[in-house]
Structure formats: C-alpha cells, structure tokens
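Student: Just dropping this structure here.
None of the figures in this text is laboratory data; all of them are computed from the coordinates on show. Predicted model, so just to flag it, every value in this text is computed and none were measured. Here the Cβ positions follow ideal geometry from the backbone for every residue, glycine too, while neighbour counts run over all protein chains shown.
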Amino acid sequence: MSRRLITSAVAGVVVVGGAGAFALAYAGEQPPALSHSTAHYTAPAGDRDGSLTFTTEVKASSGVKSVKVLAWPASSSLAKRGLTVKEMAHAEPASCAPSGHDTVRCTYKVAVTQAEADGSPRGRWHVAVLATGKDGDATLKTKAADFTA
C-alpha cells in the first residue's frame, strides 16, 4: 500500500471520528424535551370535586431536576403577553417517576371544587410546563396541552 493511501485513510478516520465525537457532545447538550403531553379535566358534580390531571414525558440527557405546571385560561392576558421562565419557576411541581434511561413520566393532579370552577373562566385552557434538567438547561412550553372547562 502506498504511503499516500494510508495517510488518506488515517485522515478519513480522524475526520469521521471527530464528527462522531462532535455529534455525541452536541446530543449531550440538548435541553429537556417534552412528549406525550395530555390534560384531562373533570368538572365537579353534586358533592363530588372535579379534577385536572396533566401527564407528560420529559427526556433530558443530564437527568430531570424539576417539572413545574400551570393551567391558564386561553382568554387571559397571558395569551397576549406570554409566560416567562421566571414566572413558571413559582408554579406547582409535578410528580415524576423514571420511565427509561434518561426519561421521566410526570403527573400533576389537582382537585377542583365547585366554588373554584364557578369562579374560573369557562372555555379553553392551556397547560404550561417548565422542565429543568440537572445541568440547569430548561424548556418552557406554554401550550403543552389543552382542555375545556
């Protein structure tokens, strides 16, 4: 084999190996990703409270530090001005359990009394989610799921 062919082959391996290492490093720096988000609302009836249940899967290569959830009416001022990460940091936490190598399944459930339902706007609502990885990267999805109240 000629020296030039061997040198070219070695250079090719170095380039391909370097690209693979870059791809792995880039994949490790991805912010948390949400999937399979659903919301289910049951209105109060008679002497029975209703409920709101939200579930989502969160994948983060660094692990998931926290998941915060906030339900908000589509007709509110938030629709125009939007939610911020700072505001969502004060939202209520979801409970999460491992669901795979770097994935957790999170659930947020809250009871809804008749008085709360009567005092809340009717119509379409959105569920906002702030997922924070153990490395500090965060993903805010202001309309992760919808429901009608």
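Student: Could you pull out every residue, at least 5 positions away or on a different chain, whose amide H is within less than 5 Å of the one on Val112? Hs are placed 1.01 Å off N in the peptide plane, and Pro or chain starts have none.
Tutor: Answer set, sorted by chain and number: Gly50, Ser51, Leu52.
Student: Under unit Cβ charges (Lys, Arg +1; Asp, Glu -1), what dipole magnitude, rounded to 20 debye, does the stretch 30-132 have relative to its Cα centre?
Tutor: 340
Student: Average projected area of the Cα convex hull of the stretch 96-141, in nm²?
Tutor: The Cα convex hull of the stretch 96-141, projected and averaged over all directions, gives 4.8 nm².
Student: Just want the answer: with Cβ charges of +1 for Lys and Arg and -1 for Asp and Glu, which residue in Val129, Thr148, His101 is farthest toward the dipole's positive end in the stretch 71-149?
Tutor: Checking the options against the dipole of the stretch 71-149, the answer is Thr148.
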